[in-house]
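Colleague: Sharing a structure below in structure tokens format, with a few things to ask.
The values are calculated or read from the model by the stated rules, or taken from the named source; none is laboratory data. Since we're looking at a predicted model, the values are computed, not measured. Methodologically, a virtual Cβ is constructed for each residue, glycine included, from the backbone with ideal geometry; neighbour enumeration extends over all protein chains shown.
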Amino acid sequence: MISFVWAEDKNHIIGVDGHLPWKLPNDMKRFKDVTTGHPIVMGRKTFESFPNGPLPNRLNIVISRNSNYQVPKSVVLITDKAELTEHVSADEEIMVIGGEGIFRLFQNDVDRLYLTKIDHEFVGDTKMVEIDYSKFDLVEKKEGIVDDKNIYPYTFETYQKI
């Protein structure tokens, strides 16, 4: 099963200059809770945005056109999405975490969406790919808690393909 995990603002912005345009610790916690124990698939730029290297307790898989791209031993490098089946089992939930090009690559394969909707407009240079929500059911919606560390209103939403 292919799942997308991301946060976006009112205008579907997901990034600026290779990183998130916001700080939202509760979204980072949800991301960790949702992805831990599952393989995560990302592009090179997303991988390079991690300040502390590969994310722990998850198989980190990087897709890059450059087959000579250097990744740590614990990270799997693939150059084609078809290679994914060599590294994950068919019954695993595979978490696609970005960026835009990687979401586009799996756009027609996605089964579940873990979306954090941020009720704010940010400046950014990267947008989420279009998703046809008529092909999904909203199965969970939870209002986020706004506090001194999470200053933007947000909602956690989970969708399942019909």
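Colleague: Take residue 4 and decide whether it is among the hydrophobic types (A, V, I, L, M, F, W, C), in a strand (DSSP E or B) and in contact (Cβ under 8 Å) with a residue 24 or more places away in the chain.
Modeller: It is true that residue 4 is among the hydrophobic types (A, V, I, L, M, F, W, C), in a strand (DSSP E or B) and in contact (Cβ under 8 Å) with a residue 24 or more places away in the chain.
Colleague: I would also like to ask the following. Take residue 31 and decide whether it is out of contact with any Cys (no Cβ under 6 Å at 6 or more places or on another chain), at pLDDT below 95, outside any strand (DSSP E or B) and aromatic (Phe, Trp, Tyr).
Modeller: No, not satisfied.
Colleague: Starting from residues that are without any contact (Cβ under 8 Å) to a residue 24 or more places away in the chain and more than 19 Å from the chain's Cα centre (by Cα), keep the ones in region 119-150 and report whichever is surrounded by the most Cβ atoms within 10 Å (Cβ to Cβ).
Modeller: Looking at the filtered set, the residue picked out is 146.
Colleague: If the requirement is being surrounded by fewer than 18 Cβ atoms within 10 Å (Cβ to Cβ), in contact (Cβ under 8 Å) with a residue 40 or more places away in the chain, within 27 Å of residue 132 (Cα to Cα) and not hydrophobic (A, V, I, L, M, F, W, C), which of these qualifies: 83, 93?
Modeller: Sole residue among the options that is surrounded by fewer than 18 Cβ atoms within 10 Å (Cβ to Cβ), in contact (Cβ under 8 Å) with a residue 40 or more places away in the chain, within 27 Å of residue 132 (Cα to Cα) and not hydrophobic (A, V, I, L, M, F, W, C): 93.
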